[in-house]
Amino acid sequence: MLDLKFIREHADIVKNGIKLKKADDNIDAILVLDQQRRTLIGEGEGLKAKRNEVSSKVGQMKKSGEDAGAVIEEMNAVKTRIQQIDDELKITDEKMEDLLLTVPNIPHPSVPVGTTPDDNKSIFEWGEKPQSDFVLKPHWDITGKLGIIDFERGSKVAGAGFPFYVGKAATLQRALINFFLDQASERGYTELQAPIVVNKESARGTGQIPDKEDMMYIATRDDLYMIPTAEVPVTNFHRKETFEEKDLPVKYAGYTPCFRREAGSYGKDVRGLNRLHQFDKVELVKFVHPSTSYDELETLRTDAEHLLQLLGLPYRVLLMCTGDMGFTQTKKYDLEVWAAGQQKWLEVSSCSNFESFQARRMNIKFKSRETGKQEFVHTLNGSGLALPRIVAAIIENNQTPEGKVIVPKVLQQYTKFAVIE
RNA sequence: GGAGAGGUGUCUGAGUGGUUGAAAGAGCCAGUCUCGAAAACUGGAGUAGUCGCAAGGCUAUCGAGGGUUCGAAUCCCUCCCUCUCCGCCA
């Protein structure tokens, strides 16, 4: 969420940002409410000051044996009024909270203005798309023949979108996870193994609720939310905490399964591993000093790209336009890997800067040496990387005419085999 | 799951209705002393909201949320968490 003070003082900037994000503009309502709220606070605090003063006088009177009956009687009226004001204020605050949650983060000036995915800018491309004299097959054909991913039994046991990985596919996934985590720790990320369910407060902290509540599986009996990404527990790791400035940036890499209901996306790119209800992902999360967050976004992106380069997978980098960026980000890059069998780009990472948007919701600060004040940190995260689509791309790009799959060299020390056949 | 104990500022730890935002000690920052440091001494220091050009004032905050009261860290209720014992268990 944005700072109410910032909205109050820069309503025009915020309104413009809302327009660019194609969100609902509730700023005028917020400003009205803000005014009401401050009036109530003013009156309430005045009365409370009086109450405190008189109450301590009552104490003294009683001590010295005077009769305080009349004063107490008088304070009863004040008490009632304070109660009224507090009740009103509570309602106002709740309304304000609801409205503030509808205000999106404001895009960074470097982000291209646009409304649809077509307006996203491809800013970098790496690698050669595989050429071959035989027809490259989509991964589901290959895995079916090799018997290494079992969608049917997954459906039987859990439902569509919950496949089993069998034998070497399972090993390949495990290898990728280890490879990603090892790479991350080499680049200064602390490995974190996180809960895969979170409570309501955490889900709210990173913005999954109320914005995207229907994307999540919910264990209602215990009021727990299954995480759609490790971003949720890992960012909440430091909820309501204050860093020392010298400790920033703080960087984590977390591997978790991720659960997404994908409501409303049925029939869209759902074949094979392209879109699953459960998948594995290594997520990179950073808590940084505000002055460095855009540099940190670039290195975050590079850290993720590096993995694709080591795997030898052709990819491109998209700078997302204002309208396609999402509610909470100020700037976002998507990394898309080329899947030769489908002749398609698949998103495997999304690297975002949230500035203080999440930090404010979660109350994550640092103590500034310069001002001695506490300020909100900036948070960033990016996948490093999402597994199933990487598996799909490896299978499709590294397939042989006989339908075997060559394991990328960097993974072979993890898999202990070089070919899936 | 059952039975107990407890949650106070950076930490230790006092405080069971009336100058308690909160004793005391440690730690931290600044100053004095010193060639410098240590020690000693003096002073300062939470967070948030709100009013104010500012100085500063006011309000809230002793796990969270309600309640009782003129007045709550202190009494009552609900919830959360930690610890000990028992049970169950990967």
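Any read-out appearing in this document is the output of simple, stated calculations on the displayed coordinates, not a laboratory observation. Predicted model only: the values in this text are computed from it and were never measured. Neighbour counts are summed over all protein chains in view; Cβ atoms, including those assigned to glycine, are modelled from backbone coordinates with ideal geometry.
Charges at C-beta only: +1 for Lys and Arg, -1 for Asp and Glu. How large is the resulting dipole of region A:279-421 about its Cα centre, in Debye rounded to 20?
Computed charge dipole of region A:279-421: roughly 440 debye.
Which pairs, out of A:79/A:373; A:95/A:251; A:286/A:373; A:168/A:200; A:15/A:246, put more than 26 Å between their alpha-carbon atoms?
A:79/A:373; A:95/A:251; A:168/A:200; A:15/A:246, as the Cα separations exceed 26 Å there.
Please give the helix A:168-186 orientation as an angle from the longest Cα principal axis of chain A, in degrees from 0 to 90, rounded to the nearest 10.
Around 50 degrees separate the two axes.
Below 8 Å, C-alpha to C-alpha, sequence gap of six or more: please give me the relative contact order for region A:179-285 in percent.
33
Under a crude label model (7 Å from the Cα following the beta-carbon direction), how far is residue A:12 from residue A:41 in nanometres?
For the pair residue A:12/residue A:41, the computed spacing is 2.5 nm.
What is the fewest-to-most order of A:217, A:165, A:315 by other Cβ atoms lying within 10 Å of their Cβ?
The fewest-first ordering by Cβ neighbours comes to A:217, A:165, A:315.
Please compute the contact order of chain A in relative form: average sequence separation of alpha-carbon pairs under 8 Å and at least six residues apart, divided by the residue count, as a percent.
Value for chain A: 20 percent.
Just name one of A:6, A:52, A:31: the one whose Cα is farthest towards the positive end of the charge dipole of region A:4-100 (beta-carbon charges, Lys/Arg +1, Asp/Glu -1).
Value: A:6.
Within the P(r) computed for region A:209-282, what percentage of the Cα pairs occupies the region above 18 Å?
Considering region A:209-282, 53 percent of its Cα-Cα pairs are separated by more than 18 Å.
Fewest Cβ neighbours within 10 Å first, please rank A:224, A:273 accordingly.
Sorted ascending by nearby Cβ count, the order is A:224, A:273.
Based solely on its DSSP helices, what 222 nm [θ] is calculated for chain A when runs of n ≥ 4 H residues each add -39,500 (n - 2.57) and the sum is averaged over all residues, nearest 500 deg cm²/dmol?
-13500 deg cm²/dmol
Please state, as a whole number in µm²/s, the translational diffusion coefficient that the Stokes-Einstein equation yields for region A:252-411 at 10 °C and 1.306 mPa s, with Rh defined as the Kirkwood radius across alpha carbon pairs.
92
With bins 10 Å wide starting at 0, give me the P(r) of region A:4-100 over every alpha carbon pair, in whole percents.
Distribution as computed: 14, 32, 21, 16, 11, 5, 1 percent.
Which one of A:367, A:90, A:200 has the biggest mean-square fluctuation once chain A is modelled by GNM with Cα springs under 10 Å?
A:90
Please check: in the Gaussian network model of chain A (C-alpha springs, under 10 Å), which one of A:395, A:218, A:85 has the largest mean-square fluctuation.
Of the options given, A:85 has the highest mean-square fluctuation.
Tell me which residues come under 5 Å, amide H to amide H, from residue A:349 once H is placed; ignore anything under 5 positions away on its chain.
A:335
Given charges of +1 on the Cβ of Lys and Arg and -1 on the Cβ of Asp and Glu, with all other atoms neutral, how large is the dipole of region A:1-120 about its Cα centre, in debye to the nearest 20?
I would put it at about 380 debye.
Hey, could you pull the Cα Rg and Dmax for chain A, both in Å?
26.8, 105
Charges at C-beta only: +1 for Lys and Arg, -1 for Asp and Glu. How large is the resulting dipole of chain A about its Cα centre, in Debye rounded to 20?
Computed about the Cα centre, the dipole is about 580 debye.
Checking the cross-link filter: which lysines have an alpha carbon closer than 22 Å to that of residue A:63, excluding same-chain neighbours under 8 positions apart?
In chain and number order, the partners are A:50.
Quick check: net charge around residue A:130, other residues with Cβ under 14 Å of its Cβ, Lys/Arg +1 and Asp/Glu -1?
0
Among A:292, A:400, A:371, which one moves the most in a GNM of chain A with springs linking Cα atoms closer than 10 Å?
Ranking A:292, A:400, A:371 by mean-square fluctuation puts A:371 first.
Sorted from fewest to most neighbouring beta carbons within 10 Å, what does the list A:166, A:405 look like?
Result, fewest neighbours first: A:166, A:405.
For region A:330-385, what ratio Rg/Rh do Cα atoms give with a Kirkwood hydrodynamic radius?
1.26
Summing Lys, Arg as +1 and Asp, Glu as -1, what charge do residues with Cβ under 13 Å from the Cβ of residue A:41 carry, residue A:41 excluded?
Around residue A:41, the surrounding residues sum to -2.
For residue A:217, what is the net charge nearby, where nearby means another residue's Cβ is under 12 Å from its Cβ and Lys, Arg count +1, Asp, Glu -1?
-1
Answer with one residue from A:16, A:330, A:297: the one whose Cα lies farthest towards the positive end of the charge dipole of chain A, charges on Cβ with Lys, Arg +1 and Asp, Glu -1.
Final value for the positive-end residue is A:297.
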